[in-house]
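Undergrad: Here it is, the structure, as structure tokens.
The values are calculated or read from the model by the stated rules, or taken from the named source; none is laboratory data. Note that the structure is a prediction, hence the values are computed from the model and not measured. Note that we place each Cβ from the backbone using ideal geometry, even for glycine, and neighbour counts take in every protein chain shown. We work out accessible area using only protein heavy atoms, side chains counted, and drop any ligands, DNA or RNA first. Shrake-Rupley method; radii C 1.70, N 1.55, O 1.52, S 1.80 Å.
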Amino acid sequence: MAKVKVQDVPMPRRPPGYYEEVILKKYWRNCKVVDGKEICGEEVDCSNAIKVLLDINPHELKRVDDNSERFELVFIMKMYWLDPLLHSFPTKLIRRRPEPQLKPFEPPLQEVEGIVRRKYKNGDLLFVEKEGDARYKKAVLIKKDDYVKMEEPAWDHYFFPNYTFLNLVSTDGDAGCAKLQWCGEEGGFVEYARRYDAVFQETLELRRFPMDRQLCRIKLTAEADIQTFQFVVLEGEKQISQVSHDEWRVENHMQKKCTTYIRYADEKFPYPVQRSSVKTVLHLQRKGDYYFHNVLINIFLVNVIALFSFAVPVSDTGDRLSLLSTTLVAVTAYQTVINQSIPRKAYLTACDKYVIFAVIFQVLIGIETTIVAFIFQYHDWDEEMPARIRLIDSIVGMALGTLWIVSNGAILLFFHTLRDSWKAVYEMNEEPFAPMLKCLKCREKWHCKQATHSEEPQRQVCPFCGEQSAQLRKHYYTPSSK
């Protein structure tokens with residue numbers, strides 16, 4: 001059997017008490033809290049749950065569609081499990097005839113029916129050949145080289161770990177293939193492999209767009225209670241071997257730390273059914289070069305052109321405002337280009353803030369021009385005053401130009417430091433990689449319940465200090481958290 005190791009997770013001081021060999025042996029369902037006291041429901045025995053070893057290996061990230069908030073991924077999923085009922089099963093065997101027994105024009109291969117008592121890891125079979133309608137010969141050992149093919153068991157008659165992708169949109173690929181690796185008195189060890197070319201839905205966090213980082217996730221859940229089977233993630237570092245979308249790259253240092261993980265099941269569960277759940281997380285970072293070179297630089301240059309309005313005489317107010325209105329339309333046109341490529345969000349992205357800053361800058365130029373035009377139109381000045389107004393106008397123009405150049409230089413200097421940390425990305429996405437609750441009084445931490453990790457933390461009893469109305473704070477840890 002393949003070596004199994006649960007991937008590293010920041011553990012609380014008190015690990016789960018009913019786990020043995022990474023499988024929860026029992027839990028209580030329909031638990032609830034009444035008058036501050038926790039009431040446990042029915043005890044569920046999970047000691048006979050089948051351990052399903054899971055391995056999801058991402059191969060190619062084909063595209064990330066910002067507008068529809070979807071991504072397409074090619075990956076291989078493999079599952080391994082030991083079915084205790086899969087032994088002594090009927091099958092058909094294609095055997096090689098011994099060379100001395102071959103008769104003229106007799107085919108070298110022979111199809112025989114029988115029962116496989118045992119299949120060894122090296123491929124040898126302990127086989128009982130069927131002789132008549134209800135008669136069988138003595139069990140004999142058939143070497144791997146003595147047969148060409150063994151018909152797989154009728155899988156519909158045996159256990160299969162049914163599962164569902166919660167955020168799957170569409171999929172294309174093979175139907176999957178199950179293969180018996182070995183079997184004996186303890187059951188049969190099965191390998192199931194399937195290739196997916198699938199599209200998944202994912203909510204994108206775009207506050208730092210176009211310097212954003214994204215967690216693109218595959219959400220998989222079992223279609224049976226954990227007393228039937230539980231997923232266990234196989235050991236091994238994973239990374240995406242190919243990214244076809246030039247706008248994105250994979251953060252391999254994070255990807256190696258965690259690609260697929262499984263949440264610990266809850267020992268006290270508030271609902272009648274608890275299922276094993278798994279997530280595959282892709283750590284993606286937008287390159288941002290396209291938006292920087294084709295949008296932000298152009299907006300910068302358009303505002304530089306807007307500064308040329310100070311070269312127009314103060315008395316030609318119409319020409320100034322005409323130039324400003326043209327540059328303002330150009331900036332808003334670039335904003336339209338950006339809005340067409342990303343989904344609508346209730347918050348402002350970093351790119352939105354830059355565009356608003358550019359628009360406000362042009363509005364300031366327009367306000368200054370309007371004030372100067374008003375002064376010249378409604379006041380009579382001595383001969384020296386118009387010259388002073390022109391001087392002040394020139395000084396304001398140079399100040400605004402300096403402000404625009406210096407501010408954009410600072411943005412350019414710190415452009416690549418605008419990205420959020422992965423801890424902040426996990427917090428914003430509420431990605432439950434080992435979510436923990438922390439008591440603000442005693443500072444102790446413990447695992448947040450799987451059933452309630454997406455809800456706002458409420459005041460409840462702290463299991464460490466015993467505070468009846470403890471104020472708790474929720475933390476979403478990354479794979480690199482200690």
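Undergrad: Mind checking which lysines have their Cα closer than 21 Å to the Cα of LYS143? Skip sequence neighbours fewer than 8 apart in that chain.
TA: Counting by Cα, and skipping residues close in sequence, LYS143 has these lysines nearby: LYS92, LYS119, LYS121, LYS130, LYS179.
Undergrad: Among (1) 171; (2) 218; (3) 137, only one was calculated for this model; which label is it, if the read-out is volume of the Cα convex hull per residue in Å³?
TA: (2)
Undergrad: Please identify the DSSP H helices in the chain that span no less than 27 Å along the helix axis (Cα) and have a mean Kyte-Doolittle hydropathy of 0.5 or more. Before the final figure, lay out each step's value.
TA: Values: long enough: 317-341 (37 Å, 0.39); 350-378 (42 Å, 1.53); 385-413 (42 Å, 1.28).
Going by DSSP H runs, the hits are 350-378, 385-413.
Undergrad: Report the extension gain between ASP146 and LYS441 in nm, rounded to one decimal, defined as 0.36 nm multiplied by the number of residues separating them, less their alpha carbon distance.
TA: Residue separation times 0.36 nm, minus the Cα-Cα distance, leaves 99.1 nm.
Undergrad: So with the 1.4 Å probe, I'd like the accessible area per residue for the chain, rounded to whole Å².
TA: Solvent-accessible surface per residue comes out at 54 Å².
Undergrad: Taking 2.2 N^0.38 Å as the expected size of a compact globular protein, what ratio does the Cα radius of gyration of region 290-415 give against it, to two decimals? Please list the in-between numbers first.
TA: Values: Rg = 16.8 Å, N = 126, 2.2 N^0.38 = 13.8 Å.
Here the Cα radius of gyration is 1.22 times the empirical estimate.
Undergrad: Which value, in debye to the nearest 20, gives the size of the charge dipole of the chain about its Cα centre, when Lys and Arg are +1 and Asp and Glu are -1 at the Cβ?
TA: Computed charge dipole of the chain: roughly 1920 debye.
Undergrad: Also: In nm², what is the average projected area of the convex hull enclosing the Cα atoms of region 299-370?
TA: Its Cα hull, projected and averaged over all orientations, spans 4.9 nm².
Undergrad: Taking the Cα atoms of region 193-305 alone, what are Rg (to one decimal) and Dmax (as a whole number) in Å?
TA: Cα only, region 193-305: 19.7, 69 Å (Rg, Dmax).
Undergrad: Could I ask something else about it? How large is log10 of I(q)/I(0) for region 49-102 at q = 0.16, 0.17, 0.19, 0.21 Å⁻¹ when the intensity is taken from the Debye formula with one equal scatterer per alpha-carbon?
TA: Taking Cα atoms of region 49-102 as identical point scatterers yields -0.78, -0.80, -0.85, -0.90.
Undergrad: If you don't mind, there's one more thing I want to ask. Leaving ligands, DNA and RNA out of it, report the carbon-plus-sulfur percent of the accessible area of region 131-242 at a 1.4 Å probe. Numbers along the way, then the final one.
TA: On the way: 2460 of 5670 Å².
Carbon-and-sulfur percentage of accessible area, whole number: 43.
Undergrad: Carbon and sulfur atoms: what percent of the 1.4 Å accessible area of region 250-328 do they account for?
TA: Working: 1980 of 3280 Å².
Reported share for carbon and sulfur atoms: 60 percent.
Undergrad: Using a Förster distance of 22 angstrom, determine the FRET efficiency expected from the C-beta separation of PHE374 and THR332, and round it to 0.05.
TA: 0.30
Undergrad: Could you check what % of the DSSP bridge pairs in the chain are antiparallel, to the nearest 5?
TA: Once the DSSP bridges in the chain are tallied, antiparallel ones form about 90 percent.
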